[in-house]
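Just below is one structure, and these are the notes that go with it.
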Amino acid sequence: MQNLILLKEIVEQRIRMRTNRGGDEGQTVFEYLGIIVIIVLIIGAIVGSGLAASIANAITQALADITAH
């Protein structure tokens, strides 16, 4: 969840920077929102499928193997 908040802040900062320079703000906002939606869907799919737990277990096992040697 912290990553999503950080991502949102970064996107908003870039939108502000783009707006201050002028240009195609309208299209850019929708492009950034589209990217955020895609990222949220990917994260949701990973968490919903149980893949996140598998990844966490693999990392934990790898760390345990490293520290055991």
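The values are calculated or read from the model by the stated rules, or taken from the named source; none is laboratory data. On a predicted model such as this, the values are computed, not experimentally measured, just so you know. Only protein heavy atoms, including side chains, enter the accessible area calculation; ligands, DNA and RNA are left aside. Shrake-Rupley method; radii C 1.70, N 1.55, O 1.52, S 1.80 Å.
Odds and ends about this structure:
- Residues (modelled with pLDDT of 85 or more and either among the basic types (Lys, Arg) or farther than 19 Å from Gln2 by Cα (or both)) located in segment 12-50: Glu31, Gly34, Ser49
- Selected residue (criterion: nearest to Asn3 (Cα to Cα)) from residues of segment 59-69 that are open to solvent by 60 Å² or more (accessible area, probe 1.4 Å) and part of a helix (DSSP H, G or I): Ile59
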